[in-house]
Amino acid sequence: MIEVKHIRLPLSDEDVEALHAGDIVRLSGKILVGRDAAHKRISEAFKDGGEPPFSIDNEVIYYAGPAPTPPGAVIGPIGPTTSGRMDPYTPLLLSKGLRGMIGKGKRTSEVLEAVREHKAVYFGATGGTAVLLADSVKSAERVAYDDLGPEAVLRLEVEDMPLVVLADCHGGNLYESAPEEARESFL
(Lines give C-alpha, C1' and ligand atoms only; values in the text may rest on other atoms or scores of the structure.)
Protein backbone atom coordinates (compact mmCIF):
# COMPACT_ATOMS: atom_id res chain seq x y z
CA MET A 1 0.00 0.00 0.00
CA ILE A 2 1.24 3.49 -0.85
CA GLU A 3 1.97 5.75 2.11
CA VAL A 4 0.47 9.23 1.87
CA LYS A 5 2.14 11.97 3.87
CA HIS A 6 -0.24 14.56 5.29
CA ILE A 7 1.53 17.92 5.56
CA ARG A 8 0.14 20.98 7.34
CA LEU A 9 1.62 24.33 6.34
CA PRO A 10 3.80 26.19 7.03
CA LEU A 11 6.54 23.71 6.21
CA SER A 12 9.01 23.07 9.01
CA ASP A 13 12.63 22.05 8.47
CA GLU A 14 11.63 18.57 9.63
CA ASP A 15 8.79 18.42 7.06
CA VAL A 16 11.10 19.37 4.21
CA GLU A 17 13.88 17.00 5.32
CA ALA A 18 11.41 14.09 5.62
CA LEU A 19 10.22 14.47 2.02
CA HIS A 20 11.78 12.51 -0.83
CA ALA A 21 11.21 12.51 -4.57
CA GLY A 22 8.27 10.22 -5.30
CA ASP A 23 6.47 10.76 -1.99
CA ILE A 24 2.71 11.20 -2.25
CA VAL A 25 1.51 14.19 -0.24
CA ARG A 26 -1.79 15.71 0.85
CA LEU A 27 -1.04 19.38 1.55
CA SER A 28 -3.23 21.52 3.83
CA GLY A 29 -2.92 25.16 4.81
CA LYS A 30 -2.36 28.48 3.06
CA ILE A 31 -0.43 28.76 -0.20
CA LEU A 32 0.28 31.54 -2.66
CA VAL A 33 -0.64 31.33 -6.34
CA GLY A 34 1.37 33.11 -9.01
CA ARG A 35 2.66 32.68 -12.52
CA ASP A 36 5.46 34.19 -14.58
CA ALA A 37 4.21 37.81 -14.69
CA ALA A 38 3.89 37.87 -10.89
CA HIS A 39 7.28 36.17 -10.47
CA LYS A 40 8.87 38.83 -12.65
CA ARG A 41 7.43 41.59 -10.44
CA ILE A 42 8.41 39.86 -7.21
CA SER A 43 11.97 39.41 -8.50
CA GLU A 44 12.16 43.02 -9.68
CA ALA A 45 11.10 44.23 -6.22
CA PHE A 46 13.96 42.27 -4.63
CA LYS A 47 16.47 43.33 -7.29
CA ASP A 48 15.51 46.99 -6.72
CA GLY A 49 16.37 46.59 -3.04
CA GLY A 50 12.78 46.44 -1.85
CA GLU A 51 10.20 43.82 -1.02
CA PRO A 52 7.07 42.62 -2.80
CA PRO A 53 3.75 43.72 -1.24
CA PHE A 54 3.56 40.38 0.64
CA SER A 55 6.07 38.11 2.30
CA ILE A 56 7.36 35.00 0.56
CA ASP A 57 9.25 33.87 3.66
CA ASN A 58 8.47 30.21 4.39
CA GLU A 59 5.72 30.19 1.74
CA VAL A 60 4.70 27.63 -0.85
CA ILE A 61 3.70 29.01 -4.24
CA TYR A 62 1.48 27.22 -6.73
CA TYR A 63 2.25 27.96 -10.37
CA ALA A 64 -1.29 28.35 -11.64
CA GLY A 65 -3.87 30.76 -12.96
CA PRO A 66 -7.45 29.83 -12.15
CA ALA A 67 -10.19 29.74 -14.74
CA PRO A 68 -13.25 31.91 -14.05
CA THR A 69 -15.08 30.96 -10.85
CA PRO A 70 -18.45 29.31 -11.48
CA PRO A 71 -21.44 30.51 -9.41
CA GLY A 72 -21.36 29.08 -5.89
CA ALA A 73 -17.74 27.85 -6.18
CA VAL A 74 -14.72 29.05 -4.20
CA ILE A 75 -12.52 29.13 -7.31
CA GLY A 76 -12.58 27.96 -10.89
CA PRO A 77 -10.56 25.05 -12.20
CA ILE A 78 -6.94 25.60 -11.20
CA GLY A 79 -4.44 23.31 -12.84
CA PRO A 80 -0.67 23.69 -12.71
CA THR A 81 1.25 25.64 -15.31
CA THR A 82 4.64 24.62 -16.63
CA SER A 83 7.19 25.35 -13.91
CA GLY A 84 10.06 26.04 -16.28
CA ARG A 85 8.55 29.46 -17.00
CA MET A 86 9.39 30.44 -13.40
CA ASP A 87 12.95 29.05 -13.48
CA PRO A 88 14.64 32.41 -14.22
CA TYR A 89 13.18 33.79 -10.95
CA THR A 90 13.17 30.75 -8.67
CA PRO A 91 16.75 30.72 -7.30
CA LEU A 92 16.36 34.35 -6.15
CA LEU A 93 12.97 33.66 -4.53
CA LEU A 94 14.35 30.59 -2.75
CA SER A 95 17.24 32.70 -1.43
CA LYS A 96 14.65 35.14 -0.05
CA GLY A 97 12.83 32.44 1.91
CA LEU A 98 10.41 30.70 -0.46
CA ARG A 99 10.09 27.14 0.90
CA GLY A 100 8.15 25.22 -1.72
CA MET A 101 6.73 25.28 -5.21
CA ILE A 102 3.86 23.42 -6.86
CA GLY A 103 3.79 22.97 -10.61
CA LYS A 104 4.52 20.52 -13.39
CA GLY A 105 7.52 19.73 -15.51
CA LYS A 106 11.29 19.54 -15.25
CA ARG A 107 13.37 22.25 -13.57
CA THR A 108 16.79 23.57 -14.55
CA SER A 109 19.92 22.40 -12.77
CA GLU A 110 20.19 25.91 -11.21
CA VAL A 111 16.72 25.55 -9.67
CA LEU A 112 17.44 22.03 -8.42
CA GLU A 113 20.68 23.24 -6.82
CA ALA A 114 18.80 26.13 -5.15
CA VAL A 115 16.20 23.65 -3.84
CA ARG A 116 19.04 21.70 -2.19
CA GLU A 117 20.92 24.77 -0.97
CA HIS A 118 17.89 26.46 0.60
CA LYS A 119 16.20 23.28 1.92
CA ALA A 120 13.09 23.61 -0.22
CA VAL A 121 10.77 21.21 -2.04
CA TYR A 122 9.21 21.06 -5.48
CA PHE A 123 5.79 19.43 -5.53
CA GLY A 124 4.04 18.24 -8.67
CA ALA A 125 0.35 18.63 -9.36
CA THR A 126 -1.05 16.49 -12.14
CA GLY A 127 -1.89 18.41 -15.27
CA GLY A 128 -5.43 17.85 -16.56
CA THR A 129 -6.93 17.67 -13.07
CA ALA A 130 -7.82 21.34 -12.64
CA VAL A 131 -11.36 20.63 -11.43
CA LEU A 132 -10.15 18.04 -8.89
CA LEU A 133 -7.49 20.43 -7.60
CA ALA A 134 -10.10 23.21 -7.24
CA ASP A 135 -12.07 20.89 -4.93
CA SER A 136 -9.24 21.08 -2.39
CA VAL A 137 -9.50 24.91 -2.24
CA LYS A 138 -11.50 26.10 0.77
CA SER A 139 -10.94 29.88 0.38
CA ALA A 140 -9.31 32.27 -2.06
CA GLU A 141 -8.33 35.93 -1.82
CA ARG A 142 -6.36 38.31 -4.02
CA VAL A 143 -3.09 39.41 -2.43
CA ALA A 144 -1.34 41.60 -5.01
CA TYR A 145 -0.96 42.69 -8.62
CA ASP A 146 -4.68 42.94 -9.45
CA ASP A 147 -3.77 44.51 -12.79
CA LEU A 148 -2.45 41.11 -13.90
CA GLY A 149 -6.00 39.70 -13.95
CA PRO A 150 -5.85 35.90 -13.82
CA GLU A 151 -2.12 36.14 -13.08
CA ALA A 152 -2.63 38.22 -9.91
CA VAL A 153 -1.16 36.71 -6.76
CA LEU A 154 -3.74 34.84 -4.69
CA ARG A 155 -3.69 33.22 -1.28
CA LEU A 156 -5.57 29.94 -1.13
CA GLU A 157 -6.48 27.80 1.81
CA VAL A 158 -6.26 24.20 0.67
CA GLU A 159 -7.21 20.97 2.33
CA ASP A 160 -5.62 17.67 1.33
CA MET A 161 -4.36 18.95 -2.02
CA PRO A 162 -3.05 15.85 -3.84
CA LEU A 163 0.62 16.24 -4.82
CA VAL A 164 3.78 14.28 -5.45
CA VAL A 165 7.31 15.36 -4.50
CA LEU A 166 9.20 15.93 -7.75
CA ALA A 167 12.44 17.31 -6.26
CA ASP A 168 13.66 17.26 -2.67
CA CYS A 169 16.33 18.98 -0.59
CA HIS A 170 18.51 15.85 -0.70
CA GLY A 171 19.04 16.07 -4.46
CA GLY A 172 16.29 13.61 -5.34
CA ASN A 173 14.59 14.32 -8.66
CA LEU A 174 11.70 12.16 -9.80
CA TYR A 175 12.40 13.08 -13.42
CA GLU A 176 15.73 11.27 -13.07
CA SER A 177 14.86 8.45 -10.68
CA ALA A 178 11.47 7.30 -11.96
CA PRO A 179 11.30 4.38 -14.38
CA GLU A 180 11.51 5.43 -18.06
CA GLU A 181 7.82 4.79 -18.79
CA ALA A 182 6.77 6.92 -15.80
CA ARG A 183 9.12 9.78 -16.76
CA GLU A 184 7.48 9.91 -20.18
CA SER A 185 4.07 10.46 -18.57
CA PHE A 186 5.42 13.44 -16.52
CA LEU A 187 6.46 15.37 -19.61
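The values are calculated or read from the model by the stated rules, or taken from the named source; none is laboratory data. Being a predicted model, the structure only gives us computed values, none of them experimental. These accessible areas exclude ligands, DNA and RNA; they are computed on the full protein's heavy atoms, side chains included. Shrake-Rupley method; radii C 1.70, N 1.55, O 1.52, S 1.80 Å.
State, as an integer percentage, the relative contact order of the chain based on alpha-carbon contacts under 8 Å between residues 6 or more apart.
Rounded, it is 29 percent for the chain.
Solvent-accessible area per residue for the range 119-175 at a 1.4 Å probe radius, Å²?
Roughly 40 Å² per residue, with all protein chains present.
Rounded to a whole number, what % of the accessible area of the chain do carbon and sulfur atoms account for, probe 1.4 Å?
Carbon plus sulfur share of accessible area: 50 percent.
Show me, bin by bin at 10 Å from 0, the whole-percent P(r) of the chain based on Cα pairs.
The calculated distribution, bin by bin, is 10, 40, 38, 11, 1.
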